[in-house]
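One structure below.
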Amino acid sequence: MDIEIYQRRNNSDYIEISQKNKVRGGSAELIMPVIMSESKIKEFLNKMHEDPLYKQILALPKNDLHCHLDGSLRLSTIMDLIRKQEPAYPIDESKISGIVIKDDMMFQKEKSLVEYLRAFDITSSVLQDCDSLERVAYELCEDASKENVRYMEIRFAPILHTNKGMSLEDVTTSVLKGMEKAEKTFDIVTGLIICGMRHYVPCGIADNLLKSLPYSTHKEASIYLAMQTAQHTVEMAKQNHHVVGFDLAGGEDGNPAKTYKKAFYYVTNGYVPITVHAGEAVGAESIEESVNYLHCKRIGHGTNLYKNKLLLTYFMNERIPMEICLSSNLQTCSDITRFEDHPFKYYLEHRIRTAICTDNRLVSNTTVTKELYIAAKVFNLDMDHIKLIIMHGFNAALYNSYYPESQNAYNSLRKLRNKVEKELNYPDVKTKVTDEYSKKYQK
Ligand SMILES: [Zn+2]
């Protein structure tokens, strides 16, 4: 399949720099769209709330398939929890806000994942008891519902909330409680993805493990904890239909996916669907391992997929969905220095199911509406494309087939999907966009 040159705009907001740029090497060639200056990006983001396009997107029913609980809580809630829990750092809102909100990193030349992750030291420190976890899960659903997100998959790593002695079951049950309460109050359907961690993270359960087994290495502890989390996920999936998936999160570089293949084999045998953070900090080989060793149903980020044409074709043919997080990628990926560098539209035009997601609503200072708005502005997408992307998300939802009542949950998810399909007039939208791409690629 030929690679299409992105459509250009006759818009003075855009600076044309080249027709064809090879990006970051690799075996596949990526054609870049027209480049928008940094000041123009800042300008349109500052004024987005007044833009009719933003208001149109806000009104659409939406979904978010990739949203971290500990990266998506409210700043006001963090401040409130800090006051109640009296931790060992100063309670200064401007300082805390500077640490936990990292949207300015998108304009920095040197990206620092370490700096971005500092935010999570603060957020996870205030989420070490049942009430806090239930509260932030509830509030996250409320915030998403306010921007008309009708389906959301929340993800988090339970081991990171064990510093004060909570069990994995207590941790996950608290989050589920918040989600269930929110579903009764707001017009939203939710699912929970439980994350294993790729790298060793000092936390209650890990520290205890190494105290008991002092000759174990951090790597051995990580593998053991990933298996524990996998077993916990399957057990929780049997008890609650909201548990819809298992994920591998954390430091991708130096921690290959196949190291955790036994944990994922366990989850696969437990009939819990799998999604994996891959191809964000490491090349396409990381995505390849996630598909071939971890048997994932979706990929989180996948920014380096385009570098392996065979794998790209596999994604196209198998309709493997990708969870795209534009702002977050721009804030942390060193080889994405502008939104236009992102291969998102390349994937979209190659008919890969691309769902636009937030990743971390607080840390990246974003919402689903904002992410879709950025996609529309930067990649020149019309409303048909926006609706197509939204339906990609609804079609890529994970579901629990284990729990005895899961058939009811699956049916209500199907009902929601069909309702949204009608609201978006999806069959017509799909035909129009498919015809457009067919004509392009037949040239
Ligand atoms: Zn993520």
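The values are calculated or read from the model by the stated rules, or taken from the named source; none is laboratory data. Since we're looking at a predicted model, the values are computed, not measured. Cβ sites come from the backbone with ideal geometry, for glycine too, and all protein chains shown count toward neighbours. Please note that ligands, DNA and RNA were not included when accessible areas were found on the heavy atoms of the full protein model with its side chains. Shrake-Rupley method; radii C 1.70, N 1.55, O 1.52, S 1.80 Å.
Once the piece of chain linking Arg118 and Asn395 is laid out straight, how much longer is it, given 0.36 nm per residue of separation minus the C-alpha distance between them? Provide the component values of the computation, followed by the final result.
Numbers: separation 277, 0.36 × 277 = 99.72 nm, distance 3.40 nm.
In short, 96.3 nm is gained.
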Assigning unit charges at the beta carbon (Lys, Arg +1; Asp, Glu -1) and nothing else, what dipole magnitude in debye, to the nearest 20, does the chain show about its Cα centre? 980 debye
In whole angstrom, the spacing between the Cα centers of region 341-364 and region 208-275 equals 26 Å
Give the calculated FRET efficiency between Glu43 and Lys297 to the nearest 0.05, with a Förster radius of 35 Å applied to their Cβ-Cβ distance. 0.35
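What does the C-alpha gyration tensor say about the overall shape of region 102-153? Classify as rounded when a/c is under 1.5, otherwise prolate if a/b is larger than b/c, or oblate. Before the final figure, lay out each step's value.
On the way: a/c = 3.73, a/b = 1.41, b/c = 2.64.
Oblate, since a/c reaches 1.5 and b/c is not below a/b.
Using a 1.4 Å probe, what is the accessible area per residue for the chain, in Å²?
On the way: 18630 Å² over 443 residues.
Roughly 42 Å² per residue, with all protein chains present.
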Using 0.36 nm per residue of separation minus the Cα-Cα distance, give me the extension gain between Asp104 and Lys219 in nm, one decimal. 38.1 nm
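Given axes a ≥ b ≥ c from the Cα gyration tensor, I'd like to know whether the chain is rounded (a/c under 1.5), prolate (a/b larger than b/c) or oblate.
Numbers: a/c = 1.42, a/b = 1.38, b/c = 1.03.
Rounded shape, in that the Cα axes give a/c under 1.5.
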Are there trypsin sites (Lys or Arg not before Pro) in region 260-336 that DSSP marks as loop and that have at most 12 other Cβ atoms within 10 Å, and which are they? Arg319
A 1.4 Å probe over the protein heavy atoms gives the chain a carbon and sulfur accessible-area percentage of 49 percent
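Arrange the peptides 271-282, 100-111, 245-256 so that the one whose residues have, on average, the most other Cβ atoms within 10 Å appears first. Kindly include the intermediate steps, with their values, before the conclusion.
Values: 271-282: 23.8, 100-111: 16.1, 245-256: 21.1.
Put in order of decreasing packing, that is 271-282, 245-256, 100-111.
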